[in-house]
Amino acid sequence: MVNAVPTRDAVEFRWRVAFFGAIAWFVCQRRVHVDWTNLGDGPAGRIAELALASDVADYVRFRAVCRPWRRCSPDPRAGAGLDGRFLPRQWIMLDKALTGARRYPFLNISTGECIWVDIPELPEHILLAVTPEGLLLLLHEPTLVVHLLNPLTGKLTGFPPLTSLLTSEQQLSRRCGDRIGERFTVTGAGLVVHRSMLAITSVHPMLLAVAEPSCESWTVVEDGFITSTATFGGQFYCTNDSGVMMLDTTGSDQQPPRLRVVVDRSRALIFFNAMEHGLHLMDNGGELMLVHRIAFLNMNDMSFKRKYGVSRVDLNAGILIPVKSFNGRAVFMGMRGAVSISAETFPSVTADTLYMSIGWDAKREMDRYISFHSDYRVVAFGLDALRSVNFGCLEFQSKRVQGCS
């Protein structure tokens, strides 16, 4: 079982909650009647600000208490765009096969808190991907309309249908009754927050496409192979044959978004190519980093082996700088993404360790792994490693609790 140590911010917020709870207890003991629902916009609004600064889940819990408290705090489901204040950035969805059709476990990778979330939208949609911002990318099969769901606030944001992105083979399959959600493979998704723009990558068809909620169709930015994606600092990054790229959205309305090189392959301090190497971008506690996987032939026994290296992406200098550790963090990496967690928050994981999913590289092959440097190690983990995360999960139905309109 993975144990969690609360962070400083979480401890401070819990002390605030304990303080207000102590006041409430004192009032009850003195039999003094206080109408907590009528705190006034000033005090209640300040508490709402503190709750949102702590975590969007705490903010949603605050608003669920009563109608007056909701009136003094902004509605996270209002507006057509995607407000960056209410994104569940630190929450990840655990194995979706663990529970029934509607309730799913989510883990806060900063505090270690685990909650159960009721998601009534999932039975009507196909889950295509989970974005680094904690949003669920859903496909409504009958209309092929794409939605982004914030699992904590319940906000469902619509995007154009996938119709214009389908290959002729997929269009034919749909006419024959096949489900497109099972054939359209999304390998990455993320937001450019200030534009409320969604970017998705796919291998079938092979493309990078973007859209905003107000768009009628998707715009194809790149029709080549994208090896990995990540969001960092509100921007969307990816890797391809040219190197590390950033999605540039600074053009005019007449100029569509384009990929801009931030680390040219020729200037990288490590060599890589998409055919022989695997690349995985990730946000490692506030640093954009790249895990570099190389498969090579061992001439002694004619067997294939793998070795790994880690580099920090220097956006200012436009280079990759090899590093020897994850700065005391642990990284869980799968086929399509990676999650970085603090070894201080989760003491049962080992710092500066790369945990590989055994669904990708079988455990029996672990003896073939060689790291570039000796200061971090590579180990395997199965789904049970995340399934065992249990911190006394709380049932969390966000603001969708009946009677909290």
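Data overview
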| quantity | calculated |
| --- | --- |
| Qualifying GluC sites (Glu not before Pro) for region 145-250 [loop in DSSP, other Cβ within 10 Å: at most 11] | E216 |
| Computed accessible area, T185, all protein chains, 1.4 angstrom probe, square angstrom | 40 Å² |
| Accessible-area value, M282, 1.4 Å probe, nucleic acids and ligands omitted, Å² | 10 Å² |
| Whole-angstrom gap from region 195-209 to region 133-176, using each part's C-alpha centre | 12 Å |
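The values are calculated or read from the model by the stated rules, or taken from the named source; none is laboratory data. Just so it is clear, the structure is predicted and the values come from calculations on it, not from any experiment. Reconstructed Cβ throughout: ideal geometry from the backbone, glycine too, with neighbour counts over all protein chains shown. Note: accessible area is taken over every heavy atom of the protein model, side chains too, but ligands, DNA and RNA are not part of it. Shrake-Rupley method; radii C 1.70, N 1.55, O 1.52, S 1.80 Å.
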